[in-house]
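The values are calculated or read from the model by the stated rules, or taken from the named source; none is laboratory data. Quick caveat, the model's predicted, so the values are computed rather than measured. Heads up, the Cβs are rebuilt from the backbone with ideal geometry, glycines too, and the neighbour counts pull from every protein chain shown. With ligands, DNA and RNA removed, areas are computed over all heavy atoms of the protein, side chains included. Shrake-Rupley method; radii C 1.70, N 1.55, O 1.52, S 1.80 Å.
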Amino acid sequence: MRTRTVKSFKALKFTTKATLKDLDKYTGQKPNELYIEAQKLGFQTCESQVWQYFGADGKPDTEFTLEILLPIQGEGNGSKSENFEIVQVPEFKCLSKLHEGPWSEIGPVYCEMMKYCFANNLKYNLISREVYIRCDFEDQSNCITEIQIGII
């Protein structure tokens, strides 16, 4: 676990209201749409997708804002996206930890990170991110996810 500042990056962004219990309806589908759109717009996609949560509290029914961000590079071909925004994501100061294994086992990692925040007087900003470094839908024990909790 470490504190770090993630640099600003350009991304193709999808935004919606969601709850933890309905996140699976975006898994796979929306990221694929983002990749297809990025190619259509002439951008390179060389980095992992980022899911950013605003106001998620760990309870399955709490509604929060979800952003799925696909980092993009290049100037594109000048076309405009009808379904997604092109944004400059600001830098993000965070507590960061890698989780290797199934996404169903990610909850305890968040608990450990929050305990660390409290023990070290780190103030969090109610924004968290998951960076999907390796996604393996057939064997989630192979997944690698960087969890980032925003701090002030």
Next item on the list: Can you check what the Kirkwood hydrodynamic radius comes to for region 8-94, Cα pairs only, in Å to one decimal?
Entry: 13.6
Checklist line | Share of pairwise Cα separations in the chain, more than 28 Å, in percent | finding: 19
Next item on the list: Please list, in chain and number order, the residues 5+ apart from residue 99 or on another chain whose amide H is under 5 Å from its amide H, with Hs placed from the backbone.
Entry: 145, 146, 147
Checklist line | Under the Karplus curve 6.51 cos²θ - 1.76 cosθ + 1.60, θ = phi - 60°, whole-Hz ³J(HN,Hα) for region 50-67, x wherever Gly or Pro sits | finding: 10, 9, 10, 10, 10, x, 6, 10, x, 8, x, 9, 6, 7, 9, 8, 10, 10
Item checked: Scaled radius of gyration (Cα, divided by 2.2 N^0.38 Å) that region 111-152 gives -> 1.44
Checklist line | Surface share of carbon and sulfur [accessible, 1.4 angstrom probe, percent] for the chain | finding: 48
Next item on the list: Might you tell me the accessible area per residue for the chain, computed with a 1.4 Å probe and given in Å²?
Entry: 57
Next item on the list: Averaged over every viewing direction, what's the projected area of the C-alpha convex hull for region 64-111? Give it in nm², one decimal, please.
Entry: 5.9
Note to self: Less than 14 Å Cβ to Cβ from residue 20, Lys/Arg counted +1 and Asp/Glu -1: what total charge do the surrounding residues give?
What the structure shows: -2
Note to self: For a test of understanding, tell me how many lysine pairs in region 39-133 have Cα atoms under 16 Å apart, given they are 8 or more places apart or on different chains.
What the structure shows: 4
Next item on the list: Give, in nm to one decimal, the length gained when the segment between residue 112 and residue 15 is fully stretched (0.36 nm per residue of separation minus the Cα-Cα distance).
Entry: 32.1 nm
Notebook entry, point to check: In whole Å, what is the distance between the alpha-carbon centres of region 135-150 and region 82-115?
Noted result: 10
Next item on the list: Give, in nm to one decimal, the length gained when the segment between residue 4 and residue 142 is fully stretched (0.36 nm per residue of separation minus the Cα-Cα distance).
Entry: 47.2 nm
